[in-house]
Amino acid sequence: MQLPGPDYPAPAKLNLFLHVVGRRADGYHLLQSAFTLIDLQDRLRFSVRDDGVIRRVNDVPGVPEDRDLIVRAAYLLQEATGSTHGADIEIDKRIPMGGGLGGGSSDAATVLVVLNRLWKTGFDAEALAEIGAGLGADVPFFIFGRSAWAEGIGDRLKPLEIARRWYVVLVPPVQVPTPVAYGAAELTRNTEPLKIEDFSAQPPGPRFHNDLEPVVVARFPEVREHLAWLRKHADARMTGSGACVFAAFDDREGAQRVIDALPGTMKGFIAQGLHRHPLLES
């Protein structure tokens, strides 16, 4: 089944660094990170219903409909606004799942933003972000919709100027469950907090890393192998809680040379950074 009408973008993200600086009493980790959007996108289509029913109309392997964040996001918006509308939702998944690229969170954010328009419920971005935070810590960033410095549990966001660069992203053949990375006993949770000026004054260097990376590479040899290969060609690191790893380049030509050298046993792609979410342009 293919729904009529336009399709809407849900872009992926990269964590240019990710520091765990503490832990709250409720178990949530306190973070510092720099987010950038990239032009790899899932695509979603919507058909508004008048009977209040919300459905995902196509299959997504490994994701039951009742657990899919796009369905849960629609129900939460419906509940928060009291809307009597429903929706059929179709999704074209292009962002690897379990890769630390934020695909599920981005899909949920796009559902909240688009259905807020289509249902004419009139919520502002702050209200949508509050709903989204209940689905995942990354959802408010995608509603924020621009490069950001993140603190708190990832929900305190400030605009961040990031040069528009090209990225080589490698996709190890494994999904890393987020609880595995954050729940590891050896995870350091006391990285010294830095200031946004520290990041803006220079390209990310040794002071900026991913605290989850040692935990993940110790448990997933596929991530370790992809990261080691990419580091032969550039300064590379893991995004989010993994499994994807990436390196930044000033031009597409530099990124293309690395992708051209990629062994046949590995998969990857080139993406360009985005300053703003495509939905903010419409």
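The numbers here are math on the coordinates, done by the rules we state, and not lab data. Remember, it's a predicted structure, so these values are computed and weren't measured experimentally. For neighbour counting, all protein chains shown are included, and Cβ atoms are generated from backbone atoms with ideal geometry for every residue, glycine included.
Sorting Asp155, Asp26, Asp235 from the fewest to the most surrounding beta carbons within 10 angstrom yields Asp26, Asp235, Asp155. Other residues lying with their Cβ under 15 Å from the Cβ of Ala127 contribute a combined charge of -3, Lys and Arg counting +1, Asp and Glu -1.
Between the helical axis of 69-81 and the longest alpha-carbon principal axis of the chain there is an angle of about 50 degrees.
Mean separation of Cα pairs under 8 Å and 6 or more residues apart, divided by the residue count, gives the chain a relative contact order of 24 percent. Labels on offer are [x] 15.0; [y] 18.8; [z] 13.0, and the one holding mean projected area of the Cα convex hull in nm² computed from this structure is [x]. Residues whose amide H comes within less than 5 Å of that of Arg237, counting only those at least five positions distant or on another chain, are Phe246 (H built at 1.01 Å from N in the peptide plane). Packing, as the average of other Cβ atoms within 10 Å across residues, places the peptides 102-111, 10-19 in the order 102-111, 10-19, highest first. Proximity of backbone amide H atoms, modeled 1.01 Å from N, is registered between Gly154 and Leu31 at under 5 Å, excluding neighbours fewer than 5 places apart on the same chain. List the pairs from Lys13/Lys120; Lys13/Lys232; Lys13/Lys93; Lys93/Lys267 whose alpha-carbon separation is above 25 Å, in the order I gave them. Flagged as over cut-off: Lys13/Lys120. Between Ala185 and Ala133, the contour length at 0.36 nm per residue exceeds the Cα-Cα span by 16.2 nm.
Taking 0.36 nm per residue of separation and subtracting the current Cα-Cα distance, fully stretching the chain between Lys195 and Arg49 would add 47.9 nm. For Phe199, Phe141, the sequence from fewest to most other C-beta atoms within 10 Å is Phe199, Phe141. Scanning residues 5 or more positions from Val171 or on other chains, those with amide H under 5 Å from its amide H are Lys267, Gly268, with H placed 1.01 Å from N in the peptide plane. Of the beta bridges in the chain, as assigned by DSSP with both residues counted there, near 90 percent are antiparallel.
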